[in-house]
Structures are given as structure tokens and as C-alpha cells.
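The values are calculated or read from the model by the stated rules, or taken from the named source; none is laboratory data. Bear in mind the structure is a predicted one, so any value in this text is a computation, not a measurement. When we count neighbours, we look across all protein chains shown, and the Cβ atoms used for this are built from the backbone with ideal geometry, even at glycine. Side chains are part of the model used for accessible areas, which takes the heavy atoms of the whole protein and leaves out ligands, DNA and RNA. Shrake-Rupley method; radii C 1.70, N 1.55, O 1.52, S 1.80 Å.
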Amino acid sequence: MQIFKNLFIIITFIFTYSCGYKIISNTIENYNIIEIQTSGDQRINYKIKNKLLFSNSKENNDKFILEINTIKKKTIKNKNINNEITSYNLAITTEVSYGLTGKLVENKFIITESGNYKVSDQRQKTLNNEKTLTEILTDNIIEKIKFRLNNIINDT
């Protein structure tokens, strides 16, 4: 019985060892951005541009040229009985057009993130709620852009 167990383990190991499974790692940015042009919401674009350039890898020969267009849209989500606004929905849509200088690849993708925040009794707290939600959504968009750029480099 022990021989069958050992034989089963060895055979399983042999078949799964070289199965071609490849782990996609998001921790290493292997893209090189040489130029970023932005339009739309300037605060969000400023943060996106700085974070992408900070995580830039100079080792890769494939160089990206990016155009980023960001639209921030705030809509009313809920009102109470007195017709006072109680919460807003905030949606940030980012369109990223890219080109690879080493290859003739040009394309674009769109990332949309949205969330809700409540209206407070004090205006400053409401503005802080909006600012905090904007920061969170922008960070999510940045991570998705990094992931897409890594996938584009890995696919080419």
C-alpha cells in the first residue's frame, strides 16, 4: 500500500511539474512610459501621472506613450422626504489610449470606478467625504492601469 502512495505522489508530481502554468505577478512593473498627455480632471490626472511615472521601469525596451482622459461625474443618489440630498454617487471614468514605440501597437481601454458618499450636516465634512472617495477611486484606477499595462507587455 505504501508503494502505491509513493508511486501516486511521484506520478502526480511529474504531470503537474511542467504543466505550463505561469503565475502572473503584479508586483513587478515591467513597462516603460516615456510620455503621458492628460486631459479632463486635472487633480485626478496629476495623481495618476505621478504614480505611473514613479513605478516606471527603465529596463524595458518597449516604451509606452499614453494619453489619459478622465471624467469625474457626481450625481444625486438619494433624497429624503423634504427633498434634501442625503447621498451622492461619484463615478470616475478614465480612457487610456496607448502606443508602443517599439512595435506598431495602438489601442485604448476604459476604466470606470464608482462609489457613494453621504452628505453631512457640515459642508466641510461633505467635502472631505467626497475627497476621500475620490482618492480611493483614483488609487483603484491606478492599480487597474498598471495591471493592464503589464498584461499588454506580457502579451506582446
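At a glance:
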{"read-out": "One residue from Phe15, Phe54 being open to solvent by 90 Å² or more (accessible area, probe 1.4 Å), among the hydrophobic types (A, V, I, L, M, F, W, C) and either closer than 22 Å to Thr138 by Cα or modelled with pLDDT of 90 or more (or both)", "value": "Phe54"}
{"read-out": "Among residues of region 69-107, those that are aliphatic (A, V, I, L, M), in a strand (DSSP E or B) and either without any contact (Cβ under 8 Å) to a residue 40 or more places away in the chain or open to solvent by 70 Å² or more (accessible area, probe 1.4 Å) (or both), counted", "value": "4"}
{"read-out": "Restricting region 78-132 to residues that are in contact with a strand residue (DSSP E or B) (Cβ under 9 Å, 6 or more places away or on another chain) and among the acidic types (Asp, Glu), the residue that is farthest from Ile152 (Cα to Cα)", "value": "Glu130"}
